[in-house]
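Every number in this text was worked out from the coordinates using simple rules, so none of it is lab data. As the structure is a prediction and not an experimental result, all values here were calculated from the model. Note that each Cβ is placed from the backbone with ideal geometry, even for glycine, and that neighbours are counted across all protein chains shown.
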Amino acid sequence: MSGALPFIIRRLLAAIPVLFLVSAATFALGRFAPGDPVTVRTGGKVSPERVEAIRESLGLNDPVPVQYLRYMGKFLRGDFGESYRRQGREVSEIIFPKMWVSAQLNVIPFFLAYLIGVPLGIYSALKRGSWQDPAITSILLFLSAVPTVVWIPMLVYVFVLRLDLIPTVGWNGIFSTSIILPIFVLTIGSFAGVARVVRISMIQVMGEDFIRTAHAKGLRSSTVVSRHILRNSLLVLANGIIASLFSLYAGSLFVELGFGIPGIGREMFEAISGRDYDLFMALTMIGAISFILANLVLDIIYTIIDPRIRYA
Amino acid sequence: MNEKKLLIGLGAVVGVLVLAVIGVTAVVIARGGGGGSGSNASDPKSSAAGPRVQGELRLPGDDPLTLDPALVTDVSSATYIVELFGGLVMLDKDLKIQPDIAKEWTISPDGLKYTFKLRDDVTFSQSGRRVTATDFKYSMERAANPQTDSPTADTYLGDIVGAKDMIRNRAKEISGIKVIDDTTLEITIDAPKPYFLAKLTYPTAFVVNKDQIDKDRRNWTRKPDGTGPFKLSEWKIGERVVLVPNEKYHADPKPNLKRVTYNLAGGSVLTQYENGEIDLAGVGVNDIDRIRDKSEKLNKEFIEKPELTTSYLAFNTRQPPFDDPKVRQAFGMAIDKQRIVDVVLKKIVPPAEGILPPGMPSYNTAIKGLGFDPARAKQLLQESKYQGRLPRVVLTLSGQGQNVGPTVEAMLEMWKANLGVEVEVEQVETATFFQDVNRGKYQMWELGWAADYPDPENFLDIHFFSESRQNSTQYNNPEVDKLLLQARTERDNEKRFQIYNQVERILVQDAAWVPLFYGSAPLLVKPYVKGFQTTGLVVPILRYVSVEK
């Protein structure tokens, strides 16, 4: 672990140009995309002359690099700016409550996906060659092939309209009945993927020479599985965890739309189509920063899981 | 053997976890899901899905983009603003202009000077301060102040003498608004315009509280201090808006509801309605057959009412091939609107004849559209200066995604079958679309217009007067211009409406627009909700509503 600190510092320094590129590209894409927040907001009801005057006063007519520097100056001071769409609202007061909702919504499915998916994947891999493996694989394939937008109306019809067990919509915190269906849909969508990844990486590792050696030197099967096969498959899994952790941040658009949950996925969608520049800039930047940090953590975890990997 | 042990162990762990999850879920269900916790813990009664309060009306809603009357342009924000604020005059549920804070008014013989006599018993709903004529002068000048960035000030206040100067930063006040005393306000306009009063019913002319705005210029709309029948009690972005009645509201009828909760979180509105979570729901074209079915129990809760909107096909009258009126007429005559309405739209809307929708003053059933006449259409195309050989024709639509609506599909089919013209479709994102419509970049596009105030001027003058900024078809007809100018200052409404009828007849024949369908709002309303109706325009409707449950 001696090389950890310089490694972390080096990686953080390397993140600066990445963030610069991400911010500049996002900013430019937003500004050069046709249309602007004022046109969207006023939707053809307002004279072009007024639209122009408002653009001018919002500073949208300044050269894009000038606007970019102005934005980044504020961003570095921790000011995310103001929403162009929801007039008079700070970006931070809109996005943080919504990100918190999305995070809560996704945290249970996240754990459930791994709690169900990992054992299932292991089981399936160990049962390779018997009927259980193809059976599980096909069921998983089926479950992950049904899209969210199909699950939602089906479940709503059965549990809400026919059985009348659960209210359809709304967000009343994580400890309420209205969260059950969204959690179910999100878990179904992800645990199959986890199981498949675990199964494949297990099977890969099982074919390696050192596993044969382990068996040959007389280790018990359970020891081989837990100490050699599982440990080596963890690498792939760790990668997957970081990717799915990201869904905690990015939200889940269709589930949020379908069940009426005020999460960040929907806000992001509306911000992009409404050209709410500062709002999607803030979301992109926060996303990029957390992605970089998560990958850094992942690299450190790698060195713990697999001593062959060194800080470099 | 040991592998088996491991598997059994794994199975046991999973089993326990699954049981635990089911257990927790069951407990939550048993508790009725009322208990909240975490940062979003909130009074369960006030949540969208929580139990309703006696006398509460629960509506689906959209997040207001602003609650500032000077800034609003979108219908969903205006829906809240008209309940929270008020002005000199307002529209009632039949779209008639009624006194609000002004109890009466006189118009000088030349039609230029409006003298409003204000009520002396109107107060702001949150602060309780009395509203005087000075507040109106302040509010309209605030809207016209360039720093306010009001998108609508020139449209709604621009007729007042001196207002345009202030909007363009050439004056510090609107010279045409004079405060005579606390209860007398005098407004002078630049020409005798009979529709001026109707413009004052739009939020731009509403009264706001100077004290509140001066204190917190940025955040005052979070607790707006207006004079409307309701007050804002809660607004949580993306979750809900809650209104409570303003006990001191001055006009009759006074609000009857205990509270109004708008659920902003979305989700399927019809499902929520059927599940008893909201009291009112719009019906889309996919559900209309089911609801219209007499054996369906929802059928009894179904109402259909026209809206003041017209959807239309618009042509760029300066660009080939639509610079020739014959081509425009041919394209109009080749569309069988009735068939589209019957088959595709399931009679959810009526086909349009003229430009003005029913319910609009001066609407005249005698005005007929071009009609469906494929033979004549083909002939017109031959007679046109293009002699049937058209350049590439593109129809531009606003919207995303791959699917153009079935209505457009049907029109494309009809043009192909009846004219032999293959029209290409281009879909453009909303943001781009409006900008480019204004810039005259498209050949042909489909759009709708919703009335802002109940006067034909709002349809005909702003879209077809040659110098109007919103004349996006670049239509230029001296005869129409002459008639429109005449109508602007004609003080006899009957004569004025006759002029507009004449304009409309010319426009329908000249086909800069092909009116397609009039708007309609099919709606489900719970039987215990009394007095609700759709109005075509945004009016303070909630004070007419009561809930008997």
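Backbone phi angles across segment B:188-205, fed through the Karplus curve with coefficients 6.51, -1.76 and 1.60 (θ = phi - 60°), yield HN-Hα couplings of 10, 10, 7, 7, x, 10, x, 8, 4, 4, 4, 5, 6, 7, 7, x, 3, 9 Hz in residue order; Gly and Pro are listed as x. Rg over Rh for the protein assembly as shown works out to 1.02, using Cα positions for both radii and the Kirkwood form for Rh.
Classification of segment B:400-515 by its C-alpha gyration tensor yields a prolate form. The axis ratio a/c (a ≥ b ≥ c) is 1.5 or more, and a/b outweighs b/c.
Take each residue of peptide A:83-94, count the partner chain Cβ atoms within 10 Å of its Cβ, and average: the result is 4. Name the residue from B:N476, A:P37, A:P153 whose Cα lies farthest towards the positive end of the charge dipole of the protein assembly as shown, charges +1 on Cβ of Lys and Arg and -1 on Cβ of Asp and Glu. Value computed over the given set: A:P153. The mean number of Cβ atoms from other chains found within 10 Å of a Cβ in peptide B:424-435 is 5, as a whole number. Counted as membrane-span-like here are DSSP H helices of chain B whose alpha-carbon atoms extend 15 Å or more along the helix's own axis and whose Kyte-Doolittle mean is 0.5 or above; these are B:2-30. Measuring against 25 Å, Cα to Cα, the residue pairs A:K45/B:K258; A:K45/B:K385; B:K368/B:K495; B:K113/B:K199 contain A:K45/B:K258; A:K45/B:K385 as the ones spanning a longer distance.
The calculated 222 nm mean residue ellipticity attributable to helices in chain B amounts to -8500 deg cm²/dmol, summing -39500 (n - 2.57) over DSSP H runs of n ≥ 4 and dividing by all residues. The chymotrypsin sites (Phe, Trp or Tyr not before Pro) of segment A:110-156 meeting both criteria, a DSSP state outside H, G, I, E and B (loop) and at most 10 other C-beta atoms within 10 angstrom of the site's C-beta, are A:W131. Mean per-residue shielding of peptide B:330-336 is 0, counting Cβ atoms of other chains within 10 Å of each Cβ. Loop-located trypsin sites (Lys or Arg not before Pro) in segment A:1-78 (DSSP state other than H, G, I, E, B) with a sparse environment of at most 10 neighbouring Cβ atoms within 10 Å: A:R77.
Neighbours of A:R231, meaning other residues whose beta-carbon lies under 15 angstrom from its beta-carbon, give a summed charge of 0 when Lys and Arg score +1 and Asp and Glu score -1.
Computed about its Cα centre, the charge dipole of chain A is approximately 980 debye, with only Lys, Arg, Asp and Glu carrying charge at their Cβ. I want the local charge near A:V156. Using Cβ-Cβ distances under 11 Å, sum +1 for each Lys or Arg and -1 for each Asp or Glu among the other residues. Taking every Cβ under 11 Å from that of A:V156, the sum is 0.
Seen from B:N169, the other residues with C-beta closer than 15 Å to its C-beta sum to a net charge of -2, counting Lys and Arg as +1 and Asp and Glu as -1. Values of log10 I(q)/I(0) for segment A:92-305 across q = 0.14 Å⁻¹ run -0.94, by the Debye formula with one identical scatterer at each alpha carbon and no solvent. Residue separation of B:D62 and B:Q126 scaled by 0.36 nm, minus their Cα-Cα distance, works out to 20.7 nm of gained length.
Take every DSSP beta bridge whose two residues both sit in the protein assembly as shown; close to 80 percent of them are antiparallel.
Dipole check for segment B:82-124: with +1 at the C-beta of Lys and Arg, -1 at the C-beta of Asp and Glu, and the Cα centre as origin, the magnitude is about 100 Debye. Relative contact order, whole percent, for segment A:92-305 stands at 31, derived from Cα pairs under 8 Å and 6 or more residues apart. Among the listed pairs B:K248/B:K300; B:K117/B:K215; B:K305/B:K482; B:K223/B:K549, those whose Cα-Cα separation exceeds 32 Å are B:K248/B:K300; B:K305/B:K482.
Across the options B:L412, B:I367, B:G388, the greatest Cα extent toward the positive end of the charge dipole of segment B:311-514 (unit charges at beta carbon of Lys, Arg, Asp, Glu) belongs to B:G388.
With the charge dipole of chain A set up from +1 on Lys and Arg Cβ and -1 on Asp and Glu Cβ about the Cα centre, the Cα lying farthest toward the positive end among the listed residues A:V255, A:V225, A:I241 is that of A:V225.
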